[in-house]
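Novice: After the structure tokens below, expect a handful of questions from me.
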Amino acid sequence: MLQSTKDSSRPTVEFQPFAPGFDEDPYPNFEPLRSLRIAYWEQGRAWLVNTHDDILAVFRDKRFTSDPRAWELAGAIEALRSPELDAINHNSLFAMTDQAHARARKLVSPSFMPRSIERTRPMIQGIVDSALDAASGKETLNLVHDFAERIPVRVISAMLHIPEEHDELFHRFSVAALRQMFPGLLKAEDIPQLLADIREGYTMLSDVIEDRRKNPIDGDILTSLIQAEEQGDTLTKPELISLVATLIVGGSDTTVHLIGFTSYNLLRRPELVKQINDDPGLLKGVLEEVLRFDNSGKVGLPRYATEDVEFAGVKIKKGEMLMLMLQLGMRDGSAFPNPDQFDPRRDTTGLIAFGNGPHYCLGANLARLEGVIAIGSLFRRFPQMTLLEPPTFAPHPAIRKMDTLKVRMRPLET
Ligand code: HEM
């Protein structure tokens, strides 16, 4: 509900992303935001940017940065400090800007171009097949834990030749690294465990890198990054660790959720499953449409004003946070006609689920390929799968964290 304030340049909005039922269906809660280009959300200490055009404008405007050190509350939560966290937050691709960012990104981008990603197809198929092999024979399954969570960390780790025994730790590490990006929304009691997961993951990454330094692998991404670091002027050790951490963090929960939410949307539309099995090319459109229509974002993507800025009719002060509400931008009728209709055949040119501008998702091609292989294989192998109960969600500051998606693998015998 929009509240009138004395200062008309600071319209505020009541937004309840932690209200019961929000994760199951956030769109009724988003409704008051949809009529506002921008409004200040007191609880989140952030400006919410809600329209497609304005979100694109912020992505491309150099007065807004993704570097969390520019935030007015940076470091204010004393309990949320540790040397490992500082190293990640200062050196990750997400936070880097300008030339430092371009330099680091140039080192890894060749490995994520479409042709390189296409070469990972057999490896991804193998990971998906072994997850499905483990599932076959079971009567019921939680598709989140038993399927979706087994794929993305393993895929990115396999690309980096990191052994499987580290998957569980890297999964915890990436969940913690994502949560800490929203410090104002964290619960104080969750912080010690979060810092412990970060420390453990960071140490393990450092060990993996030292081991690879001694045992280089031909054609390996990590080996070539280490060699770049050894040339001295390209990457420092903390930059190297953080870069690898960014790949693991960027490629984990996001893609788990793409697989989980797409499964859910298909289970609710059995006729679409039949259409995909007849025309597998349609699956690409389904994945794009799930990212647009049922995005797992709860709040938005953070940006910080590097100076006082007048934007969309309001005055944003230096250091204030903006949250780019991608999920609303993708339900904006000016960018997507009939935005509240699920249509896997629509033109998704304006999709911003992978961001835009210099920080555009490095792993978009990989995520799409993982999605196509995982979902295509799942529904080909178990076309009779049915939803047992609505999904449940775990508490999370920033995403609708699907926790269970229970399915019956065979129809009930009568
Ligand atoms: C459906 C899955 C995915 C979604 C929705 C997604 C979304 C995003 C978004 C919105 C950004 C922009 C962040 C910003 O502007 O602040 C981003 C950046 C990034 N993503 Fe993804 N991502 C996904 C999968 C992946 C995968 C599989 C990888 C694996 C490498 C990955 C790696 C990255 C990296 C490294 C960045 C930072 C790029 C930079 O700052 O230059 N992402 N992603």
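Novice: Show me the ranking of peptides 388-397, 366-375, 351-360 by mean Cβ neighbours inside 10 Å, starting with the highest.
Specialist: Answer by packing, highest mean first, reads 366-375, 351-360, 388-397.
Novice: With a cut-off of 8 Å between alpha carbons and a minimum separation of six or more residues, what is the relative contact order of the range 254-336 in percent?
Specialist: Answer for the range 254-336 is 24 percent.
Novice: Loop only per DSSP, at most 15 neighbouring Cβ atoms within 10 Å: give me the GluC sites (Glu not before Pro) in the range 144-178, ordered by residue number. Don't skip to the end; give the middle numbers.
Specialist: Numbers: sites: GLU149, GLU164, GLU165, GLU168; in loops: none.
Taking the range 144-178 and a limit of 15 other Cβ atoms within 10 Å, no loop GluC sites (Glu not before Pro) are found.
Novice: Starting from the coordinates of the alpha-carbon atoms of the range 100-223, obtain the Kirkwood hydrodynamic radius over all distinct pairs and give the value in Å to one decimal.
Specialist: Averaging 1/r across every pair of different Cα atoms and inverting gives 16.8 Å.
Novice: With an 8 Å cut-off on Cα pairs and a minimum separation of 6 or more residues, tell me the relative contact order of the chain in percent.
Specialist: 25
Novice: Taking neighbour counts of Cβ atoms within 10 Å as a proxy for exposure, in what order, fewest first, do ARG331, ARG269 appear?
Specialist: So the residues, fewest neighbours to most, are ARG269, ARG331.
Novice: Quick one: Debye curve from the C-alpha atoms of the range 218-297, no solvent, what's log10 I(q)/I(0) at q = 0.11, 0.17, 0.25 Å⁻¹?
Specialist: Ignoring solvent entirely, the Cα scatterers give -0.50, -0.73, -1.11.
Novice: Just rank HIS90, HIS52, fewest to most, by other beta-carbon atoms within 10 angstrom.
Specialist: Final ranking by Cβ density, sparse to dense: HIS90, HIS52.
Novice: Let's test this: bin the Cα-Cα distances of the chain at 20 Å from zero up to the farthest pair and state each bin's percent.
Specialist: P(r) over the chain, rounded to whole percents: 26, 59, 15, 0.
Novice: Please list, in order along the range 145-158, the HN-Hα scalar couplings obtained from phi with the Karplus expression 6.51 cos²θ - 1.76 cosθ + 1.60 (θ = phi - 60°), rounded to whole Hz, x for Gly and Pro.
Specialist: 6, 7, 10, 4, 6, 7, 9, x, 5, 5, 5, 5, 5, 5
Novice: Determine the dipole magnitude for the range 20-122: charges of +1 sit on the beta-carbon of Lys and Arg, -1 on that of Asp and Glu, nothing else is charged, the reference point is the Cα centre, and the result goes in debye to the nearest 20.
Specialist: So the dipole magnitude of the range 20-122 works out to roughly 760 debye.
Novice: Per the Kirkwood formula on distinct C-alpha pairs, the Rh of the range 330-390 is how many angstrom?
Specialist: After inverting the mean inverse Cα-Cα distance, the result is 14.4 Å.
Novice: Beyond 16 Å, what share of the Cα-Cα pairs of the range 369-414 remains, rounded to the nearest whole percent?
Specialist: 56
Novice: Oh, and also: For the charge dipole of the chain, defined by +1 on Lys and Arg C-beta atoms and -1 on Asp and Glu C-beta atoms about the Cα centroid, which residue among VAL153, PHE59, SER242 has the Cα displaced farthest towards the positive pole?
Specialist: Of the options given, the answer is PHE59.
Novice: Right, next: Plugging the Kirkwood radius over Cα pairs into Stokes-Einstein for the range 206-257, at a temperature of 25 °C and a viscosity of 0.890 mPa s, what D comes out in µm²/s?
Specialist: It diffuses with D of about 209 µm²/s by this estimate.
Novice: Let me ask something additional. What is the log10 of I(q)/I(0) for the range 247-398, computed with the Debye formula using one identical point scatterer on each Cα and no solvent, at q = 0.09, 0.17, 0.21 Å⁻¹?
Specialist: -0.34, -1.07, -1.48
Novice: For the chain, give the magnitude of the charge dipole about the Cα centre (Cβ charges: +1 Lys/Arg, -1 Asp/Glu; no others), in debye to the nearest 20.
Specialist: With Lys and Arg at +1 and Asp and Glu at -1, about 680 debye.
Novice: Ratio of the range 159-307's C-alpha Rg to 2.2 N^0.38 Å, to two decimals?
Specialist: Scaled against compact globular proteins, the figure is 1.31.
None of the figures in this text is laboratory data; all of them are computed from the coordinates on show. Here the structure is a predicted model, which is why all the values come from computation and not from measurement. Cβ sites come from the backbone with ideal geometry, for glycine too, and all protein chains shown count toward neighbours.
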